[in-house]
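The values are calculated or read from the model by the stated rules, or taken from the named source; none is laboratory data. Since the structure is predicted, the reported quantities are computational estimates derived from the model, not experimental observations. FYI the Cβ positions are ideal-geometry reconstructions off the backbone, even for glycines, and counts take in every protein chain you see. Quick note on the areas: whole protein, heavy atoms, side chains included, nothing else; ligands and nucleic acids left out. Shrake-Rupley method; radii C 1.70, N 1.55, O 1.52, S 1.80 Å.
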Amino acid sequence: MKKILAALLLLFVAFPVFAQQEVVILEEDNNAQVEDQETGNMKSSNQYFELELKKGTQSPINKSIPFTVYITPKIDSSKTQILWNTSTVFDISKSHKEFESLKKGETYSFSATFSPKKAGSYDITVTVISWQFDSNKSNSVNYHISLNNSLVLQPVDTMYSIYIG
């Protein structure tokens, strides 16, 4: 009985220490994503990368949607992985290699085109991972889009309307 009470006491004493350490870890990796009200671009920043995700004008011919991510690393990263993630209802065509070398303080842009196959609401997410010898550093940014039954973005982009008009 004394062993059980000692074990419970140890758990109650140790738990706040573990919980406090977890909060610190979350604060270190926490990033804030905001929408730029002027441009409509999504931005995310943490201690490793500043990211900005920009949606281009949808093509009236094949309904493809171009996206560009702007990456400003806050660390040197000789092996940086750029991953575009979304639903399987899109065909993704990237204009860059999966791994790139990035230097601290410089801004890089990478593009991908998304070709939708089905109506609905979807998230387009770009994750940037710096592969380091001790631990990987990452950040991600997300853009939410909605497509109607004609696979046209909602709300309809002004330039798209001009192209089909």
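Before we move on, is residue 58 closer than 22 Å to residue 144 by Cα, surrounded by 15 or more Cβ atoms within 10 Å (Cβ to Cβ) and over 17 Å from the mean Cα position of the chain (by Cα)?
Values: closer than 22 Å to residue 144 by Cα: yes; surrounded by 15 or more Cβ atoms within 10 Å (Cβ to Cβ): yes; over 17 Å from the mean Cα position of the chain (by Cα): yes.
Yes; evaluated as a whole, the condition is true for this residue.
Take the stretch 85-133 and flag every residue that is β-branched (Val, Ile, Thr), without any contact (Cβ under 8 Å) to a residue 24 or more places away in the chain and more than 18 Å from residue 55 (Cβ to Cβ).
First, pick out the residues of the stretch 85-133 that are β-branched (Val, Ile, Thr): 86, 88-89, 92, 107, 113, 124-129.
With the extra rule that they be without any contact (Cβ under 8 Å) to a residue 24 or more places away in the chain, the set shrinks to 88, 92.
Within the stretch 85-133, 88 is the sole residue that qualifies.
I need the full set of residues from the stretch 61-85 which are of a type in the set (Ser, Thr, Tyr) and under 21 Å from residue 148 (Cα atoms), in order please.
Taking the stretch 61-85 first, the residues of a type in the set (Ser, Thr, Tyr) are 64, 68, 70, 72, 77-78, 80.
Answer for the stretch 61-85, where residues must be of a type in the set (Ser, Thr, Tyr) and under 21 Å from residue 148 (Cα atoms): just 64.
Kindly provide the set of residues from the stretch 135-165 that are in a strand (DSSP E or B), open to solvent by 50 Å² or more (accessible area, probe 1.4 Å) and under 24 Å from residue 89 (Cα atoms), ordered by number.
Scanning the stretch 135-165 gives 144, 154.
Quick one: is residue 107 open to solvent by 80 Å² or more (accessible area, probe 1.4 Å) and out of contact with any strand residue (DSSP E or B) (no Cβ under 8 Å at 6 or more places or on another chain)? Working first, answer last.
On the way: open to solvent by 80 Å² or more (accessible area, probe 1.4 Å): yes; out of contact with any strand residue (DSSP E or B) (no Cβ under 8 Å at 6 or more places or on another chain): no.
Taking the combined requirement at face value, the residue does not satisfy it.
Check whether at least one residue in the stretch 79-94 is part of a loop (DSSP other than H, G, I, E, B), at pLDDT 95 or above, small (Gly, Ala, Ser) and surrounded by 13 or more Cβ atoms within 10 Å (Cβ to Cβ), and report yes or no.
no
Name the one entry in 135, 115, 140, 101 that is within 16 Å of residue 63 (Cα to Cα) and of a type outside the set (A, V, I, L, M).
Values: 135 fails: within 16 Å of residue 63 (Cα to Cα); 140 fails: within 16 Å of residue 63 (Cα to Cα); 101 fails: within 16 Å of residue 63 (Cα to Cα).
Only one candidate passes the filter, namely 115.
From the list 101, 44, 115, which residue is under 18 Å from residue 136 (Cβ atoms), over 18 Å from the mean Cα position of the chain (by Cα) and either at pLDDT 95 or above or part of a strand (DSSP E or B) (or both)? Before you say what the answer is, go through the steps one by one.
Numbers: 44 fails: over 18 Å from the mean Cα position of the chain (by Cα); 115 fails: under 18 Å from residue 136 (Cβ atoms).
On inspection, the qualifying residue turns out to be 101.
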